[in-house]
Structure formats: C-alpha cells, structure tokens
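Only one structure is covered here, and it is reproduced in the block below.
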Amino acid sequence: MTLKLLNRIFAITVFLISLITLLMTAQPTVSFWDCGEFIAAAYYLQVPHPPGAPLFLIVGNIFSKIPLVENIGYRVNLLSVITSALSILLLYLIIIKVIKNYLNKELNKLFEGFLLYFSAAIGALAFSFSDTFWFNGVEAEVYASSTFLFAAVTYLIMKWNENPDRPDAEKYIILIAYLIGLSTGVHLMSVLAIVPVVMIVMFKKYVQDKEHLFITAKWFLIHSGIILLIAVIWWSGEKSQVPPTPEEYQKFDSTFKIVIALVSALIVGINYKKLLNKNSFYMPLMIGGVALFATYPGVVKYFPALLTLIGGENIVIELLVVLLVFGGLGYLVHYSIKESKPTLHLISLSFIFILIGFTTFAMVIIRSNQNPPMNENEPNTFPELEKYLNREQYGDFPTFKRRFSAEPHQQEIYTRYSSDLDFFYNYQMNHMMTRYLLWNFAGREGWTQDMGANVAPFNGIANIFGKLIGVRFNGDVRDSLFGIPFLLGLLGIYFHFRRDWKMASVYMIMFILMGYLTAFYQNQQEPQPRERDYFYVGAFFVFAIWISIGIYSLIQLIQDKIQRESFKKAAIIGTLAVFFVLVPVKMFAANYYTHDRSKNFIAWDYSYNLLQTCAPNAILFTNGDNDTFPLWYLQDVEGVRRDVKIVNLSLLNTEWYIRQLKNNDPYKVGTVRIRFSDELIKNIRPTQWTTKELSIPLPKVPGTNIVPSDFISQFNIRDSSVIREGKIIWTMPHTLNFGDVTGIRVQDIMVREIVEANNWERPIYFAVTCSDDSKIGLHDYLRMEGMGFRLVPEKRPLQSEFVEPYILAAQLKENPSFSRDYLPGFKFRGLNDSTIFLDENHRRMIQNYRNAFIRMTLYYLTQGQNDLAIQTLNEMERKMPIKLLPMEMGLIYELSNLYLKAGAQEKYNELSSQVEKMALKKLEENPNDAQSFYNPYRILLDIYENQNRNDKLYELWKKLEAIFPNDPVVKSNIEKYKQLLQGQDTIKN
C-alpha cells in the first residue's frame, strides 16, 4: 500500500462517516426558523429576507427537482447534508497540508503517514460531530453551504502554498476569487477568508527577511494592545443607564474611529520604514484588508450603489455600466500581459472573477420582477436592490458603541452591566462567542437558551476559570466532552506557533476574524431571540485543525521521548486509540440524541395545525419566524391551505409588504382588502395615538337595522347584546411611548385597517403566538378555535372559557389523514416518542397545544361536563406526557387542580405527589420564597388542605413563622392545626 492510497482511504472514510451520520439524522421535512423560508424560496426561486442568498437558492432549486425522496423539504435539506460532508473531507485534507507545511519533509514510511492521517481524521470528525456544525448540516440553511465554500477556499490556498512557483499556480488564486464572489450569494463568512489568503500569498512570494517579519509581528501585537487598551479605558467610562439616541451613538462612533485612526497613524508613522515594506507583517494585513473592503462592502454594496447613482431606475444604462466595468478590467488584464506585470494581471483577473461570482444576484432582480408569492423588499430595480443588500429594513447600528438598544425588552443591558466594557467582555465576547466555543469542544450544559458549558465531572474546577469569563459550567456527564477537545485545541495552538509561527498566525487571524471580530462587528444586544452559535462555525472549523495539531504533536513527543521501538509503537497506537475514543467517539455519543432529527415533524405539524385552524378563505395574523416561515413552506411547496392569507405582524411595519397584501394574489384566492392608496401606504409611519373606544358595525339586512340570521348562525353568536347594538365596541390602546407622547406602530394601524375593511367578509384569526399588544385591544372578541383566536361578533363570557367547543374538540382529536383543503383534526406526531429530542423552541411551541387542551377542559368544567373534562386531560397526557415534555411546577399544580375539580381524585393524588416533591425541593433550595405566585408554601398548603394532612400543615405554618414571626394569620393557623392534631391524638387514644 502506498501513502497516497492510505491517504485516500482515510479521506473517503472520513467523508462517508460524516455523510452517513448526517443522512441518518437529517430533518425529514421543514424545520423552524429560516428553513421554511429558504426551502420555499428555493422551490420557486423567490426572494427571501435581505440580503438574500441567490446561489444557495439556485442550487437548492436543483436539489428540489432531484426525485431522491418524496418530500421537497428533505430534498433541499440534502444540500446541507452533502456540502457538510464535503466540508469534512476538505477539512481533513487541509489539516494534512497544514501539518506537512511545518514538517517540511516528505513522509517515507506508511506508519508515519498513518499517524498523520489518523490525527487529521480525529480533528475532522471532531468538527463533524461538533454541536454547531451538526445542527447546521441537517437542515436547509445557508451555513452548511457557506462552510463548504470557506473550506474550499482554505483548501485551495493551501494547495497553492505547496508549489506557488508552478506556471499554472495562478489558477488556484483565480478559482479562490471566483468562490469568494460566489459566496456572497450564500453568506459572507467566506469573504473573511480573503485576509488569510493574502497573508499566505505574501508570506510565500514576497517576504524575504523572516527576522524582520517576526519583529514587525511583535509591533503589530503591541499596536493591537494599545488600541485595545484605549478601547477598554473608553468603554469602562460608558456607564449611562439611558439608551443613547442614534445621533449620540453615531457621534461616539465617529470620535472613536478618529482617535483609533490617529493613534494607528502615529504608531505606523514613527516606524514607517520598518512597518511599511514588503517584509513587514503589516503589509499582508493591510493588503488583505483592502481586498476584503473591495469585496465587502465594495462589490456587494458600493458597486450596486454606483449603478444606482449613474443609472437610477434605467436598467439599460446600469447594464452598460456593468459592461464598461468588465471591459475596463479586461483591458487591465490585456495591459498587464502586454507589459509583463504579473501582479496587476492576477489582481485584475481575480476582481473579474469576484464580479462574475457576484452576478448570482441578478436572479434577485429577475425573479422580483416576476412577482413571486415571496418577494421581500421587492428589489426589482437596482435602487431597490441596493436597499436590499444594505439590509435597510433592519435599521442601522453602531460599530463601537457597545450598548445602544432602545428596544423595551433589551433595557436590562443598562442596569445589569456596569459599563459598556462589562457588557462587551462578559456578554458579547464571552457569552456570545467563548461560550459557544466551549459548547462545541468542552461540552454543553443543556438546550435551554443561555445555558453554559459542561465538563462534568470537572465542573467545580472549571467554574473557577468560568468566573473569569462569565461562563457557568454545569450539567451531566452524558453531555460532557470532559473539555478534552478544547484542551487539545489549546495545545495545538501552542505547538503550531512553536513550529510554524507564520502559518499559525494566518490561522489565528482566520479564527479571530470568523469568531471574536464577527461577534464584535455584529454588536448584538441582550437578549437575542435565539442562540447565535451558527455565525461562528468558521472559527470552530479552524479550532478543529488545532485539535489535530495538538494530537499529532503529542505523538511526536512520544516518538522523541521513548527510544525502545516496540514500546514506542504501542504507546503511539494506544494514545491515538484513546484520543479517538475521547474525542470523535465521545462527541458522537454526547451529541447524537440531541442532533437526530430523523423523526422530527414538529415544525411541519405545527404549521399544518395552524393553517387547519382557519376556516376557508381566512386571514391569519402571525407573529414571527416560527409561525410564518414553515407556513409559507406548506403553502408554496406542498400546496396546503393556499386559501389562507398569512399576514406577518413584523413585516406589516413595512410599506412593500402592505402593498403586496393589497395588490398581489398569486393563488387567486383574493387579496387582503386595504382601503389605503399605494401613495398613502408608501408614506405610512407610526402615528400619535391616545387610547380610545372604537367600533365595527355588523352587516345589516338592506334597508333595516336587523342583523341577518345567516350571519348570526355563521358565527354561532350567543351574545344578544351585540346583535341589539349592531356593532362590536372595543378600546384600542397605544403601543408606543415617547415621553408624555403616546402612539401606535404601523402594524397597529394596519391591523385596524384590515379588520375594518374586511367588514366580516373573511374569517380573521390571530395565531396563539401573537403577543397581546398586537391585537389592538380586541381580546374580548377573540374566540379560540385551535392554534388561533378567531375574531367574532360576540363578547367573551364572564364565567366561561371563550372557545368554540365543537370546532376546538374536533381540532384536538387527532386526524391521521392529510388534506390541502380545510380539514379539522390536528397532527401530534412524535410528541410522545422518547427517542425524539425536543429543544426549548419545540417545547415552547408544543405548550400552545397544552394551552388549547386546558382551555377545552375549563370550558367543560364550567358546563358541568366533568367526564369530558377528564377525557380531555387524559388525552393531553397521552399525546404529550409530562415525563417526556416536563412542565413547570406551577402548571402541574394547576393541572392537578383541574382533575380535582372534575372529581378525578386518584389522578389528583398522582399529580399532587409530583408537585409536592418539586415544591419541597424548591423549599429546600430557597426557604424564604413565600411571596412569588407559585411559591412552594402556597402550593404545599393547598395540597395538604385538599388531602387533610394536618401534621404537614402544622409543620409548614411553623416554617412560615420563621419568615413572618409577628403575622397574626400565621400564628392563628399554627394554633388551629395544633389543636386539630391534639384532637386527632385524643381520638386515637
């Protein structure tokens, strides 16, 4: 066997292990978050949220047409599966090239090759089984494809690095340029690889004085340290507890940039002869920075802006400008060949290929002009494309001001953190980056948002370190990686710098760019709607390289330290075997259950159930990503309930979306009636508003004040007062506060307009996920009919749950059949299957099902239908067992009381026993918790009262006496239960 063949066997094995694992665990259809949007956009080549991903959609469209499986969502998911497996193959090959680069010798023996290939395989598989990469690799999101492009760019530059003087070596750089251009049509992560690429090229082709390079690298570290020190001092002084205005944080940013620029100019100016020459460490970074800036924002933002500036709305002029740009670059290529200027030739040709790659965005304009069902921002001209690429929909944010949010739900950042420095270090750097790095290579505490890392059974020791970085270590051994991959990575960094500091610095810059600098640039405010670890997968990719280097370096140490050949081989093979078990095998074992989505239909079922909640031809208001994007998928791709018009409340704040609702009817089911003109919609803004009473009239028989009988029967109206009034009356509150001035959002204006303009012609629903403040005060007229509340001309009854009992009961009765048209009967697949992992988001969405069952139960109880109430609760437990889908103590307590009210004493005792154990545990953890709503004292007192356990009641009141020693109620109850216990003793005696 040759070394080449052995290498190929390892490469194919690593690829197949990754591919098979991802295929076994891939999502079988749509999943939550952006995946539904991307699959639907790929299927019809539509326009998703800014800044778009046209290349991903084009390739996804091809996958959607390959009849490997029936479900279209799964076909597009396979794009991520295949690109992820290819990324692992490339990572394995990259690791070998990185290590060979510092070995600086050819391998001669099979055993030498085996050691290198095995070490590389461990690192590659460690990344394959890492938390973030595995999550990305089984669903239709852009991050898997982006990782593949980044891996391809890295592999190609390492391939070029092996023999840069070959006559055709330039082809690798040009291909890299093309891939970077293409990557703009997927995700911008690969664009950051430009700087490391330039560093490798400069180090290999232009640097001649290595000692000078090393000295200037030290200068760069000193320079960076000074900048960081200035920032630390500056941010530590930013202690305001009031959100800055846009003008204030823009001024802060400008001042910060000027100071940093002046300090940098001073440092470089003092040493310009040393720092500004081709042997300087600064030059690759400066040239790489220029190349990065030329690509992003240069090509991605400024090039469309240039076209808009010159051509405006005239696409002919804009296309002529494009041709002129390509012509000018072509001339530079011709000139560079003629005048023998190879560097200019390479730069010109590379820029041409970056632009060619960027042309995938032509699809955005082309498809937007076809008015597909999904056409976000309507970028049908270059001016609109410019806005789309600039993400203007999401607003602006500062670069250097760390705390800036004025959002109400993010105001704790001004009180929880003492300064901008505190927020930057503890939240933005450590919570939002270091914690994720530890998740992937040390272990994860759990799957509830904001949970920490896990190196059990060493969490106690780790928490000493954790205090320094604000990361908590906790969790079970089954989820722990013992911190071994993380420690090996740190060891790999040490050995990489020791043996090849130039290449190590390249990968360190890559790691920082993909990780901490990305986190710095994003400037995320707390809290985030979800975990953001997927942004930093490029940094984790680099860290996996260091894991292999750490293992290989330890093997080399063993080779150097042990002289006896037989002992040496045994020690080496044993070490590799141990690391293989403790790294990829342990990571696979720890992460398989939580990443196996092969039977997970939660998102599909929830979306189907929400659509089937709606009566035919309905309007459905939804809240955010998870109750909108999967619905778009079902409608656009699988053709389910296309008669329902989905109105996303977040997007309802944008003029383009309002116009589309008014004018677009892709499935010929009617538009949403909106009386505003297009001109008025274009200029719509939040407006001043004081809480006031409004009304909507009911339809009348022509020429009379009588409400038609068919209208009464249609809504099953029982409230005669509404019929007498001939209208519904409600109070619409304000939703915005600007000091003493109150106002309402654009979405509030539009919800009111849609409700009033509809005039009861189409059923209107609010998804149960819609917040209370989005319902413009209509709560008293919203009746539950499943996963939504229907607007009805009837007021909520005072003594009963406001549900439509026959419809809700029919929905909660599982229907195994499937229909693209209205068909009551929900799907609850997998909710009682212990082999399916449900994360926090799944559990939160599933809680809406429980809420519907509980409301149905409460209705039956108010009607005296106790048997039906018990049946409903039992059916809920059968479909969603508490053992698999745990509930909080307070909810189980309420559930037990429902059983008690229905007369199911045995079931009450069973649940109250669980609640008692939970409450006693909470009491032990915090004996002073006597005033929270579901405090353990209140719950235990209620349980013991219902079960006549006077001894326990006496003990509990005595404990309360320690908290409230002078409370007369406490004292009287102690005396009461003391006498009752004495009476019981007397009876016994």
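On the basis of the beta-carbon distance and an R0 of 35 Å, Leu680 and Gln411 show a calculated FRET efficiency of 0.55.
On a straight-distance basis, which lysines could pair with Lys210 in a cross-link, Cα separation under 26 angstrom, same-chain partners fewer than 8 positions away excluded? List returned: Lys97, Lys100, Lys105, Lys159, Lys218, Lys273, Lys274, Lys278, Lys341, Lys502. Couplings for the stretch 358-372, taken from phi via the Karplus curve 6.51 cos²θ - 1.76 cosθ + 1.60 with θ = phi - 60°, read 5, 5, 4, 6, 4, 4, 4, 5, 4, 6, 4, 5, 8, 6, x Hz in order; Gly and Pro are left as x. Backbone geometry of the stretch 949-959 corresponds, through the Karplus equation with coefficients 6.51, -1.76 and 1.60 at θ = phi - 60°, to 3J(HN,Hα) couplings of 9, 5, 4, 5, 5, 4, 4, 5, 5, 5, 5 Hz, x marking Gly and Pro.
Could you please tell me the mean projected area of the C-alpha convex hull for the stretch 345-499, averaged over all directions and given in square nanometres to one decimal?
Quarter of the Cα hull surface area: 16.1 nm².
Give the residue from Asn874, Ser817, Leu838 lying farthest towards the positive end of the charge dipole for the stretch 805-885; charges sit on Cβ (+1 for Lys and Arg, -1 for Asp and Glu) and the dipole is referred to the Cα centre. Ranked along the dipole, the leading option is Leu838.
Can you classify the stretch 894-989 as rounded, prolate or oblate using the Cα gyration tensor, where a ≥ b ≥ c are the square roots of its eigenvalues, rounded means a/c under 1.5, and otherwise it's prolate if a/b beats b/c and oblate if not?
Since a/c reaches 1.5 but b/c is at least a/b, the shape of the stretch 894-989 is classed as oblate.
With 0.36 nm allotted per residue and the present C-alpha distance subtracted, the Thr690-Glu975 stretch has 97.2 nm of extension available. Extending 7 Å from the Cα toward the beta-carbon at both Glu247 and Leu16 defines two label points whose distance is 6.8 nm. Between the listed residues Val751, Asn664, Ile717, the Cα displaced farthest toward the positive end of the dipole of the stretch 643-771, a dipole computed from Cβ unit charges relative to the Cα centre, is found at Asn664. Compute the Cα gyration tensor for the stretch 742-877, then decide on rounded, prolate or oblate, letting a ≥ b ≥ c be the square roots of its eigenvalues: rounded whenever a/c is under 1.5, prolate when a/b is larger than b/c in the other cases, and oblate in all that remain. Here the stretch 742-877 falls in the prolate category. The fraction of Cα-Cα pairs per 10 angstrom bin, counted from 0 for the stretch 884-929, comes to 29, 48, 21, 3 percent, rounded to whole percents. With protein chains left intact and a 1.4 Å probe, residues in the stretch 261-315 average 51 Å² of accessible area per residue. Taking amide hydrogens as placed 1.01 Å from N in the peptide plane, the amide H of Ile728 sits under 5 Å from those of Ile696, Leu698, each at least 5 positions away in sequence or on another chain.
Basic side chains Lys and Arg get +1 at the Cβ, acidic Asp and Glu get -1 at the Cβ, and with that the dipole of the chain about its Cα centre reaches some 2480 debye. Taking the C-alpha atoms only, the angle from helix 602-613 to the longest principal axis of the chain is near 40 degrees. The mean accessible area for residues of the stretch 841-989, using a 1.4 Å probe and ignoring ligands and nucleic acids, is 55 Å² per residue.
Sorted into 5 angstrom bins from 0, the C-alpha pair distances of the stretch 470-540 split as 3, 12, 15, 20, 20, 16, 9, 3, 0 percent. So if we plug the beta-carbon distance of Gln865 and Asn815 into 1/(1 + (r/R0)^6) with R0 = 25 Å, what FRET efficiency do we get, rounded to 0.05? Computed FRET efficiency for Gln865 and Asn815: 0.65. Dimensions of the stretch 377-418 along the principal axes, based on C-alpha atoms and rounded to the nearest Å, stand at 46, 21, 9, largest first. For the chain, the longest principal axis of the C-alpha atoms and the axis of helix 246-270 are separated by about 20°.
Counting only protein heavy atoms and a 1.4 Å probe, the stretch 439-521 has 42 square angstrom of accessible area per residue.
The alpha carbon gyration tensor of the stretch 159-288 gives principal lengths a ≥ b ≥ c with a/c of 1.5 or higher and a/b no greater than b/c, which makes the shape oblate.
In straight-distance terms, cross-link reach from Lys921 covers every one of the aspartates and glutamates whose alpha-carbon lies under 14 Å from its own, apart from those fewer than eight places away in the same chain; here that gives Glu888, Asp929.
Please quote Rg/Rh for the chain to two decimal places, taking the Kirkwood radius as Rh and restricting both calculations to Cα atoms.
Numbers: Rg = 32.2 Å, Rh = 32.1 Å.
Result for the chain is an Rg/Rh of 1.00.
Computed over the alpha-carbon pairs of the stretch 862-908, the distance histogram in 5 Å steps reads 5, 21, 30, 27, 12, 4, 0 percent, short to long.
The magnitude of the dipole of the stretch 1-143, with charges of +1 and -1 set on the Cβ of Lys/Arg and Asp/Glu and taken from the Cα centre, is near 700 debye.
Computed extension gain for Lys274 through Val669, at 0.36 nm per residue and net of the alpha carbon distance, reaches 135.1 nm. Amide H contacts under 5 Å for Gly443: Asn454, Leu481, restricted to partners 5 or more places along the chain or on a different chain, H placed in the peptide plane at 1.01 Å from N. When the solvent-accessible area of the chain is split by element, carbon and sulfur atoms take up 59 percent of it, the probe being 1.4 Å. Counting only Cβ charges, +1 for Lys and Arg and -1 for Asp and Glu, the dipole size of the stretch 884-989 around its Cα centre is about 200 debye.
Please name whichever of Pro763, Pro529, Asn108 sits farthest to the positive end of the charge dipole of the chain, dipole taken about the Cα centre and charges placed at Cβ: Lys and Arg +1, Asp and Glu -1. So the residue furthest toward the plus end is Asn108. Kirkwood radius and radius of gyration were both taken over the C-alpha atoms of the stretch 438-479, and their ratio Rg/Rh is 0.92. Placing dummy labels 7 Å off each Cα toward the beta-carbon, the span from Ala570 to Leu6 is 2.2 nm. Taking the C-alpha atoms only, the angle from helix 936-946 to the longest principal axis of the chain is near 40 degrees. Relative intensity of the stretch 1-90 on a log10 scale, I(q)/I(0) at q = 0.10, 0.20, 0.26 Å⁻¹, equals -0.32, -0.92, -1.25, per a Debye sum over C-alpha point scatterers of equal strength in the absence of solvent.
Rounded to the nearest 0.05, the FRET efficiency derived from the C-beta distance between Asp209 and Met24 at R0 = 51 Å is 0.45. Cα-based values for the stretch 491-583, radius of gyration first and Dmax second, are 17.9, 58 Å. Exposed loop sites, defined as GluC sites (Glu not before Pro) outside DSSP H, G, I, E and B with at most 15 other Cβ atoms within 10 Å, are absent from the longest region of the chain, namely 413-760. Model label points for Asp833 and Tyr331, set 7 angstrom from Cα along the Cα-to-Cβ axis, are 6.4 nm apart.
The values are calculated or read from the model by the stated rules, or taken from the named source; none is laboratory data. Please read these numbers as outputs of a predicted model, since none were measured by experiment. So basically every Cβ, Gly included, is an ideal-geometry build from the backbone, and we count neighbours across all protein chains shown. Heads up: the accessible areas ignore ligands, DNA and RNA and are worked out on the full protein's heavy atoms, side chains in. Shrake-Rupley method; radii C 1.70, N 1.55, O 1.52, S 1.80 Å.
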